[in-house]
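Here is the structure we will look at.
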Amino acid sequence: MTIREFLYSVKPKDHAETVPERRQRYLEVVVAVILAFAAISATWTSFESSKWSGKSGGLVSSSSILRADSNREASRGAEQTLIDASLWLEWEKATLIPGREDLSAFLRGRFSPALDTAQEEWLKNVPVDAAGEPVGDLPAQTPLTLDSYVPPGQKRSEDLAAQAETQLAEASGYGGTGSRYTVLTVLFALVLVFGGLALKFGGPKLQLALVAVSVLMLGCGLARMALLPLL
């Protein structure tokens, strides 16, 4: 037999196709369609899975950066709180020493804007002299315990922490969708396996069973894929 005869020879026209041959031909057509849909679907779900997973990874990285920035702002706020606390304690000592109004006024002028605002609220019901210094007994606690005292960095730290939590939650959602696409990719790969095996066996019952399983898995996979969002 020559190469030309091997490549282009066909069955004689007078050859009567048997029932097994016809069944095998129909089966090959059905399996070919199943494999085509499964291959295309597996490629698409793999592509979507990579996009969703990439988006999730990007959000996780961004969340980590925001968390680090939040920690830096919180440290800045803690440092300012220590400075304000030291200044206020020295101011309180100066107010208790007779004749040291100049020292208390000097220390009061060094208050940060946050402490100065809280100090005004803290002394709002206390009589003060011409220099703005309290006369008589001081209120209980300190201005640093008031809600109006917000050191620099604290509000910024809280905002950054909230953004980090939001992005982390979004990353979890993107990752979950990517995982579902990955599961569908595995399912379509199984369709390819069962569909390919259907043509390797000679028993019609086993062939039909494998084709039926392939069709069922393909249908379930396509239905699940249609319900998933696209990115």
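The values are calculated or read from the model by the stated rules, or taken from the named source; none is laboratory data. As the structure is a computational prediction, the values presented were derived from the model and not from experiment. We place every Cβ from the backbone using ideal geometry, glycine too, and count neighbours over all the protein chains shown.
Within region 181-226, track down each residue that is surrounded by fewer than 17 Cβ atoms within 10 Å (Cβ to Cβ) and closer than 13 Å to E48 by Cα.
The answer is V183, A226.
What is the residue count in region 88-108 for residues that are free of Cβ contacts under 8 Å to residues at least 40 places away in the same chain and more than 22 Å from G77 (Cβ to Cβ)?
Here the count works out to 13.
Criterion first (within 30 Å of S61 (Cβ to Cβ), surrounded by 14 or more Cβ atoms within 10 Å (Cβ to Cβ), touching a residue at least 12 places away in the same chain (Cβ under 8 Å) and under 16 Å from the mean Cα position of the chain (by Cα)) does L168 satisfy it?
In short, yes.
Report, ordered by the first and then the second residue, all pairs with beta carbons closer than 6 Å, sequence separation of six or more or different chains, a first member in region 202-231 that is farther than 14 Å from F188 by Cβ and without any contact (Cβ under 8 Å) to a residue 24 or more places away in the chain, and a second member that is of a type in the set (A, V, I, L, M) and assigned to a helix (DSSP H, G or I).
Taking only residues 6 or more apart or on different chains, the pairs are L210/L197; L210/A198.
Among residues belonging to region 153-165 that are among the aliphatic types (A, V, I, L, M) and buried (at least 17 other Cβ atoms within 10 Å of the Cβ), point out the one that is farthest from P113 (Cα to Cα).
A164
Hey, among the residues in region 86-119 that are small (G, A, S) and at pLDDT below 90, which one's nearest to E170 (Cα to Cα)?
For region 86-119, the residue satisfying everything is A114.
Which of the residues spanning region 172-207 are within 24 Å of L230 (Cα to Cα) and more than 28 Å from the chain's Cα centre (by Cα)?
Selection gives L190, V191, L192.
Out of the residues in region 67-118 meeting the condition of being among the hydroxyl-bearing types (S, T, Y) and under 41 Å from the mean Cα position of the chain (by Cα), tell me which one is nearest to A164 (Cα to Cα).
By that ranking, first place goes to S70.
Rundown of residues vs (1) closer than 13 Å to P143 by Cβ; (2) surrounded by 18 or more Cβ atoms within 10 Å (Cβ to Cβ); (3) not aromatic (F, W, Y), yes/no style:
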position	(1), (2), (3)
L82	no, no, yes
W88	yes, yes, no
W91	yes, yes, no
L96	no, no, yes
R100	no, no, yes
G109	no, no, yes
A114	yes, yes, yes
E121	yes, no, yes
K124	yes, no, yes
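If you scan region 188-208, which residues turn out to be over 14 Å from E28 (Cα atoms) and modelled with pLDDT of 90 or more?
F188, A189, L190, V191, V193
Rundown of residues vs (1) more than 30 Å from P229 (Cα to Cα); (2) surrounded by 10 or more Cβ atoms within 10 Å (Cβ to Cβ); (3) at pLDDT 90 or above; (4) touching a strand residue (DSSP E or B) at 6+ places or on another chain (Cβ under 8 Å), yes/no style:
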{"site": "T2", "(1), (2), (3), (4)": "yes, no, no, no"}
{"site": "F6", "(1), (2), (3), (4)": "yes, no, no, no"}
{"site": "T18", "(1), (2), (3), (4)": "yes, no, no, no"}
{"site": "R25", "(1), (2), (3), (4)": "yes, yes, no, no"}
{"site": "L35", "(1), (2), (3), (4)": "no, yes, yes, no"}
{"site": "A39", "(1), (2), (3), (4)": "no, yes, yes, no"}
{"site": "T43", "(1), (2), (3), (4)": "no, yes, yes, no"}
{"site": "S46", "(1), (2), (3), (4)": "no, yes, yes, no"}
